[in-house]
Amino acid sequence: MIDKLLLKMRRRDDVSAEEETILRAAVSDVREVAADVTVVRADVDLHVSTVLIDGLMCRYKDLGNGERQITELHVPGDFVDLHSFPLKRLDHNVMSLVPSRIALVPHDRILAITETQPHLTRLLWFMTTLDAAIHREWQLSLGRRTSLARVAHVLCELQMRLDIVGLADGMTYRLPLTQVDLAECLGLTPIHVNRTLRELRSQGLVTFRSKLVSIDNYGGLKRIAEFNPDYLYLDKRPR
Amino acid sequence: MARFFFDVINGTGLVEDDEGQDLPGLSAARDVAIEGARSIIKEDVLMGFIDLSGRVEVRDADRQTVLTIPFHDAVELRGLDAGAAS
């Protein structure tokens, strides 16, 4: 059920059999959610956190004029609002972008982990700090990268994050995002995203068609994006 | 809601939209087209030029063109004669 979360953790550190059992037992419920459902709403008191099992979700914030910024995409294995455990409420919403399956982990079970499992607690802490690192990289994209580099960068990032949880077939992966979704991630317009994707394709770097991303020239795409995966902390070491 | 497709034709050729967007009507489609044109012009400005020769063609679900927004209609030009005046 939370196998992809374990894959994500074990890429960065060992997880003992006991820790795995405890983490699996922390799940109280599994739910299916339709596409475009706000699963966690900002400014609401929260008593559970959510692990994405299947599908695609995002964190987002809206302005009064309806403009939306997606601040992070979530792939299966992500503990999408683990930070709601210490925060108790969120300053942003979390929604499903496609039909998704989620596991719910009550905060009292996370509390029990923090009181009895110091290493597992540090791994959970690592997960939220990793989200912060991804936010910083997106900030760099939104503030400074060209549109070409922004699109290239998010496509490199998703290849890496999906590969960790076994959802990339080498340089090819399924990405059920619309141009509108991508525009909301990248601070661009859908028309601009379409034009930028066409530019990347015509340079022989990457093709995104029928919800499938095929990276044709990874070296070239990384160069344009200035993609350096160090911010994803992929080294396995005691945490 | 109706489906609209937004093709861009400019100096670099035709960029066809094969995905489209669901929008309440033609007026919303016009807003999307204008915003899209402006976003492309904005990127050009950052690279040091403005090319207003392009256009956004809006097609409906039957792929018929229902609206054309030339880039020069998406922005108001001011101060063009400032150089000559000085």
Cubic angstrom per residue, convex hull over Cα atoms of chain A: 117 Å³
Show me A:43-52, A:179-188 ranked by packing, highest mean number of other Cβ atoms within 10 Å first. A:179-188, A:43-52
A:ALA34 and B:LEU80 label points (each 7 Å along its Cα→Cβ direction) are spaced in nm at 5.0 nm
Okay, helix-only estimate at 222 nm for chain A: each DSSP H run of n ≥ 4 adds -39500 (n - 2.57), divide by all residues, round to 500 deg cm²/dmol; what do you get? -13500 deg cm²/dmol
For the pair A:GLU115 and A:GLU67, how long in nm is the line joining their label points, each one 7 Å along Cα→Cβ? 4.6 nm
All alpha-carbon distances of the range A:1-141, grouped into 10 Å bins from 0, give the whole-percent distribution 12, 43, 35, 9, 1
Under Stokes-Einstein, the range A:132-180 at 4 °C and 1.567 mPa s, with its Kirkwood radius over C-alpha pairs, diffuses with a coefficient in µm²/s of 110 µm²/s
Given points 7 Å out from each Cα along the Cα-Cβ axis, report the A:THR128 to A:LYS211 separation in nanometres with one decimal. 3.3 nm
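When a/c reaches 1.5 or more, the comparison of a/b and b/c decides; with that in mind, is the range A:117-236 rounded, prolate or oblate per its Cα gyration tensor?
Working: a/c = 1.98, a/b = 1.63, b/c = 1.21.
Since a/c reaches 1.5 and a/b is larger than b/c, the shape of the range A:117-236 is classed as prolate.
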Per the rule of 0.36 nm per residue minus the C-alpha distance, extending A:LEU140 to A:TYR233 adds in nm 31.7 nm
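Can you compute the charge dipole magnitude of the range A:172-239 about its Cα centre, using +1 on each Lys and Arg Cβ and -1 on each Asp and Glu Cβ, nothing else charged? Give it in debye, rounded to the nearest 20.
Details: 11 positive and 7 negative charges, 46 e Å.
Dipole of the range A:172-239, to the nearest 20 debye: 220 debye.
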Which value in deg cm²/dmol, rounded to the nearest 500, describes the helix-derived mean residue ellipticity at 222 nm for chain B, given -39,500 (n - 2.57) per DSSP H run of n ≥ 4 and division by the residue count? -10000 deg cm²/dmol
Expressed in angstrom, Rg and Dmax over the Cα atoms of chain B are 14.7, 52
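Each reported figure results from applying straightforward, stated rules to the coordinates on display, with no laboratory input. Keep in mind it's a predicted model, so treat the numbers as computed, not measured. Cβ sites come from the backbone with ideal geometry, for glycine too, and all protein chains shown count toward neighbours.
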